[in-house]
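*Asks:* Input: one structure, supplied below.
The values are calculated or read from the model by the stated rules, or taken from the named source; none is laboratory data. Keep in mind that what you see is a predicted model, and the values were worked out from it rather than measured. No Cβ is skipped: glycine too gets one built from the backbone with ideal geometry, and neighbour counts run over all protein chains shown.
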Amino acid sequence: MNIRLFCVGIGILCAACDASPASSSSPSVVDLHGRVADFATGRPVSGIGVTFGTFQLVTDQTGSYVVRVPIGDYDVRVADEPIAARVLVRGTWTRGDFFVRGGDCGARYGNVTDRATGKPIAGAALAVGIIPVFSDADGWYRLDGGCGSCGACNTTFITATAAGYQAFTQVVGRGFRGVQRLDIALQRASS
């Protein structure tokens, strides 16, 4: 798998993640708030173009943007990056953040939601390898794998688990390289 090392995001989603949320209490249109930041420094990147589905916008001086969109799944491109992220907009808690200029670093970040309801899952354990990170109250996570060459890398996987949900496993690629957004929708375990 050939991954551009400074890519913004790639939508690696299981087929089950394409289901729309079934909750009637969720709004049908939301104002999605996001920020584009430099991966290494965390500083905002102003004046950068974001193409969110069919919506095109530019970040303000704080690297932020707001876009009003219907609930759904969107391919998002930031600036002239060739790889789009697949963002699952499920409600007002969906975070629209992106990182650019990842260099030779490896990271995955995104939202973790309930597949049926679209609600965020707090405390989901996500890992590439053995040390997990946990999603916050809004379902947001960030897994940092460090920077530098991994030499002859083996195929790596990301796993996501949460109490009451089926485990999720997805191939990350040949090694843990590239800074990529990966939104994950977990399915409840059958009783």
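*Asks:* Return yes or no: is residue 96 closer than 20 Å to residue 28 by Cα, small (Gly, Ala, Ser) and crowded, with 16+ Cβ neighbours inside 10 Å?
*Replies:* yes
*Asks:* Looking at segment 62-85, which of the residues that are farther than 13 Å from residue 96 by Cβ and touching a Pro at 6+ places or on another chain (Cβ under 8 Å) is surrounded by the fewest Cβ atoms within 10 Å (Cβ to Cβ)?
*Replies:* Step by step, filter segment 62-85, then rank; the result is 62.
*Asks:* Something else about it: When you scan segment 70-150 for strands (runs of 3 or more DSSP E) that lie fully inside it, which ones turn up with 3 or more residues that are without any contact (Cβ under 8 Å) to a residue 60 or more places away in the chain and not hydroxyl-bearing (Ser, Thr, Tyr)?
*Replies:* Numbers: elements: 72-78, 85-89, 98-100, 105-114, 125-127, 140-147.
Once the strands (runs of 3 or more DSSP E) in segment 70-150 are filtered for at least 3 residues that are without any contact (Cβ under 8 Å) to a residue 60 or more places away in the chain and not hydroxyl-bearing (Ser, Thr, Tyr), what remains is 125-127, 140-147.
*Asks:* Just give me the residues in segment 143-171 being in contact with an Asp or Glu (Cβ under 9 Å, 6 or more places away or on another chain) and of a type outside the set (A, V, I, L, M, F, W, C), in sequence order.
*Replies:* Passing the criteria: 148, 149, 165.
*Asks:* Would you check if residue 31 is touching a Lys or Arg at 6+ places or on another chain (Cβ under 8 Å), at pLDDT 50 or above, loosely packed, with under 14 Cβ neighbours inside 10 Å and of a type in the set (D, E, K, R)?
*Replies:* Taking the combined requirement at face value, the residue satisfies it.
*Asks:* If only one of 106, 110 is at positive phi, out of contact with any Ser or Thr (no Cβ under 7 Å at 6 or more places or on another chain) and crowded, with 22+ Cβ neighbours inside 10 Å, which one is it?
*Replies:* Answer to the check: 110.
*Asks:* Restricting to segment 99-145, what's the tally of residues that are over 22 Å from residue 29 (Cβ atoms) and among the basic types (Lys, Arg)?
*Replies:* Result for segment 99-145: 3.
*Asks:* Let me ask something additional. Exactly one condition in (1) at pLDDT below 85; (2) under 24 Å from residue 44 (Cα atoms); (3) hydrophobic (A, V, I, L, M, F, W, C); (4) exposed (fewer than 15 other Cβ atoms within 10 Å of the Cβ) is false for residue 137; which is it?
*Replies:* Condition not satisfied by residue 137: (1).
*Asks:* Pairs please, first residue from segment 163-174 and closer than 11 Å to residue 186 by Cβ, second anywhere and in a strand (DSSP E or B) and among the acidic types (Asp, Glu), Cβ atoms under 8 Å, 6+ apart in sequence or on different chains.
*Replies:* Short answer, once both residue conditions are applied: 165/114.
*Asks:* Further question on the same structure: Can residue 144 be described as modelled with pLDDT of 95 or more and over 16 Å from residue 187 (Cβ atoms)?
*Replies:* Judged against the criteria, residue 144 is not a match.
*Asks:* Given the conditions (1) at pLDDT 95 or above; (2) surrounded by 15 or more Cβ atoms within 10 Å (Cβ to Cβ); (3) within 19 Å of residue 98 (Cα to Cα), which single one is not true for residue 125?
*Replies:* The single condition residue 125 does not satisfy is (3).
*Asks:* Quickly run through segment 151-191 and pick out the residues that are over 14 Å from the mean Cα position of the chain (by Cα), at pLDDT 90 or above, of a type in the set (A, V, I, L, M, F, W, C) and part of a strand (DSSP E or B).
*Replies:* 168
*Asks:* Considering every residue within segment 53-60, establish whether at least one is at pLDDT 90 or above, of a type in the set (Asp, Glu) and surrounded by 17 or more Cβ atoms within 10 Å (Cβ to Cβ).
*Replies:* no
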